[in-house]
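In what follows, a single structure is set out as structure tokens and then discussed.
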């Protein structure tokens, strides 16, 4: 897909979104423990375990936010303003990203935060042009993350495949998202992405995907109109 650029693989919006939804992820992790006819002492132990798990969750979130701050840090030759994380070079920033996100994955494996960190490493690798690494990380994120963040990983993996000219592989990922859209990748977003993938190989199907979106208001409608027009201009 020749419209794709490295900018399409960046995740500044995602980083902002994650900060707003960590509490949502944690709500899905918590389990209600029910005990019937069990001694008070055992209930006391269960309560202690509950508070231990809450403490662990807080630790994970702190580590997660620290890693996100590193991921979103700027490169500045001069001293950064107080409270702003920055690095003197891109290589220094990349080393810190690998260290912080990798450390989070190792320490809190099987957690939602670890799965999202894996996703971020995949997108970061794609942005650096390391597409084999990007594919590996994003596939793992699809396997490990919950439905919502797995959909983001699928869309990013489709972008990676499209950049490599692997249209069929990209199509598989986007059809999976389209069949089961989420709060992070809507049906409209998936339809737009799939239509762009199919614009050359299956232009009529691409038009069918875009047709109902052209009457939408806002960015979706404008993007659909533009993409539809580009298909019409193609030879």
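Each reported figure results from applying straightforward, stated rules to the coordinates on display, with no laboratory input. Here the structure is a predicted model, which means the values were calculated and not measured. Backbone-built Cβ (ideal geometry, glycine too); neighbour counts: all protein chains shown.
Just need the relative contact order of region 119-235 here, percent rounded to a whole number, with Cα pairs under 8 Å and 6+ apart.
About 15 percent, as a whole number.
Would you list 136, 60 from fewest to most Cβ contacts within 10 Å?
Placing the least packed residue first, the sequence is 136, 60.
Please compute the contact order of region 53-167 in relative form: average sequence separation of alpha-carbon pairs under 8 Å and at least six residues apart, divided by the residue count, as a percent.
Reported relative contact order: 16 percent.
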